[in-house]
Amino acid sequence: MRTAAAIIGAGPAGASCAYSLSLKGIENVLIDKRKIIGFPVQCAELVSRNINQFVNLAEIPSAVNQKVSFMDIDTGKNIYRSEGKGYILNREVFDGYIVKSAVKAGTNLVKQTNILKINADENKITGLRIADNKPIEINYDYLIIAAGPKNSFDLRGNFKQRLKNKSYIFATQVRADILKEEGLDSTICYFRSYIPYGYGWVFPKGRFANVGIGIEKPRVDMPLSSSLNNFLNEIRNKGLIGSNIYGKTSGLVPVSGLNDLYSGNIALCGDAAGLTHPITGAGIVSAVISGNLLGGYVAESLKTSKNLLEEYKEEIESIFKTPLSTASKKRSEFYPRMTDADNIDKLIKRLWPSFEEYYE
Ligand SMILES: Cc1cc2nc3c(=O)[nH]c(=O)nc-3n(C[C@H](O)[C@H](O)[C@H](O)COP(=O)(O)OP(=O)(O)OC[C@H]3O[C@@H](n4cnc5c(N)ncnc54)[C@H](O)[C@@H]3O)c2cc1C
């Protein structure tokens with residue numbers, strides 16, 4: 001197969017890139033190893049309302065599970081409430097919608113296909129179709145790596161050791177019943193010494209909630225399950241959630257900040273580019289923004305026969321570099337000192353971006 005642009009990964013980043021390319025009339029192939037796009041969901045599903053600048057949620061009411069108005073930060077000693085207008089998504093619907101829009105606009109979607117190798121010298125990717133184990137080979141003019149937090153390719157196409165020199169939040173999440181009959185109008189983030197270098201969350205989904213914890217590795221050597229169990233016990237004892245647990249997912253959030261964004265005709269976007277926020281772990285909106293932008297620059301590069309990926313890099317850096325490096329510095333400065341409830345309470349306002357003190 002031959003294409004102008006091949007995209008590895010049909011999450012929000014890759015799908016937004018494919019959609020943007022198709023809207024500009026550029027032939028593209030969007031490849032994902034998943035059978036069902038967006039499933040299984042490995043996400044707490046909170047997005048701020050500014051998502052509507054990029055994806056009009058009014059067009060997909062079923063992608064929004066509920067709205068939230070506040071964010072509560074619980075330090076164990078105090079609960080701080082701030083405005084936190086956002087949506088709790090149904091991620092599989094949201095991701096599926098962007099992919100469907102791309103396909104409708106002309107994208108060739110290749111599902112259940114695992115890309116195993118990039119041959120950058122020959123502008124070629126190879127992989128296996130999962131259903132029948134048949135090899136697949138795609139030649140491209142431009143390659144977009146949107147393979148998420150577990151991306152295992154570097155910009156020369158080499159398979160890399162994911163964890164080398166990089167930090168990740170290792171996260172695990174369950175779904176539980178919310179016991180308050182009227183549900184919750186806020187997301188709640190918990191800072192506890194038994195969730196080191198991370199936090200616990202309760203993000204409401206109607207009668208249910210996504211309940212999880214994330215801790216940074218390799219910095220902390222603590223089993224995720226013991227941290228999660230402590231957390232579930234604490235919030236159960238408070239009467240917030242019931243004892244039933246529905247399903248469990250885990251995932252990674254890169255917290256080392258921006259990666260190199262391109263080399264030659266290969267570029268990264270979304271989590272693969274290191275665009276998740278190093279403190280909050282939020283990455284959906286930045287995946288959509290970066291995918292959109294990259295699609296635009298690749299389309300223009302193909303139309304003008306001039307590689308414009310340096311401009312992509314400059315634009316991404318102008319939007320994300322300062323906020324991401326500020327957050328990275330705050331991670332290293334404050335988390336090591338947040339060892340007990342007193343210290344957590346003292347430092348939280350300088351660590352977490354919903355406080356004014358964060359920006360001082
Ligand atoms: C537990 C958890 C909770 C989170 N909660 C939030 C939240 O509440 N709000 C928020 O904004 N962000 C959250 N995030 C982060 C958010 O999920 C990511 O930032 C977002 O999914 C990034 O989108 P992406 O398209 O870059 O990557 P992904 O969504 O990970 O998509 C990558 C795609 O690439 C495919 N792929 C990977 N490798 C290959 C390959 N070799 N061949 C073929 N296909 C491949 C995968 O199957 C996947 O579909 C959370 C993350 C985790 C782990």
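The values are calculated or read from the model by the stated rules, or taken from the named source; none is laboratory data. Keep in mind it's a predicted model, so treat the numbers as computed, not measured. As a convention, Cβ positions derive from the backbone with ideal geometry for all residues, glycine included, and neighbour counts pool all protein chains shown. Protein only, heavy atoms only, side chains kept; ligands, DNA and RNA dropped before computing areas. Shrake-Rupley method; radii C 1.70, N 1.55, O 1.52, S 1.80 Å.
Specify which of the listed residues (ILE130, ILE136, ILE115) is modelled with pLDDT of 95 or more, open to solvent by less than 80 Å² (accessible area, probe 1.4 Å) and more than 21 Å from the chain's Cα centre (by Cα).
Result of the check over ILE130, ILE136, ILE115: ILE136.
Taking only the range 48-68 into account, find how many residues are more than 19 Å from the chain's Cα centre (by Cα), more than 13 Å from THR187 (Cβ to Cβ) and crowded, with 18+ Cβ neighbours inside 10 Å.
1
Restricting attention to the range 306-338, which residues are over 14 Å from GLY198 (Cβ atoms), touching a residue at least 12 places away in the same chain (Cβ under 8 Å), open to solvent by less than 50 Å² (accessible area, probe 1.4 Å) and part of a loop (DSSP other than H, G, I, E, B)?
Answer for the range 306-338, where residues must be over 14 Å from GLY198 (Cβ atoms), touching a residue at least 12 places away in the same chain (Cβ under 8 Å), open to solvent by less than 50 Å² (accessible area, probe 1.4 Å) and part of a loop (DSSP other than H, G, I, E, B): there is none.
Would you check which residues across the range 237-254 are outside any strand (DSSP E or B), touching a residue at least 40 places away in the same chain (Cβ under 8 Å) and exposed (fewer than 12 other Cβ atoms within 10 Å of the Cβ) and list them?
Residue satisfying the conditions is GLY239 alone.
Among the numbered criteria (1) within 11 Å of the ligand (Cβ to nearest atom); (2) open to solvent by less than 20 Å² (accessible area, probe 1.4 Å); (3) in a helix (DSSP H, G or I), which single criterion is violated by ALA299?
All conditions are met except number (1).
Report, by residue number, each residue of the range 176-204 that is among the small types (Gly, Ala, Ser) and either open to solvent by 30 Å² or more (accessible area, probe 1.4 Å) or more than 21 Å from HIS277 (Cα to Cα) (or both).
ALA176, GLY183, SER193
In contact with a Ser or Thr (Cβ under 9 Å, 6 or more places away or on another chain) and within 16 Å of the ligand (Cβ to nearest atom), is that true of GLY11?
It is false that GLY11 is in contact with a Ser or Thr (Cβ under 9 Å, 6 or more places away or on another chain) and within 16 Å of the ligand (Cβ to nearest atom).
Right, VAL64: in the same structural domain as ILE195 (by TED's automatic domain parsing) and either within 15 Å of the ligand (Cβ to nearest atom) or of a type outside the set (D, E, K, R) (or both) or not?
Yes: the conditions hold for VAL64.
I'm checking my understanding of the structure. Among residues of the range 208-225 that are out of contact with any helix residue (DSSP H, G or I) (no Cβ under 8 Å at 6 or more places or on another chain) and at pLDDT 95 or above, which one is farthest from the ligand (Cβ to nearest atom)?
So the residue we want is PHE208.
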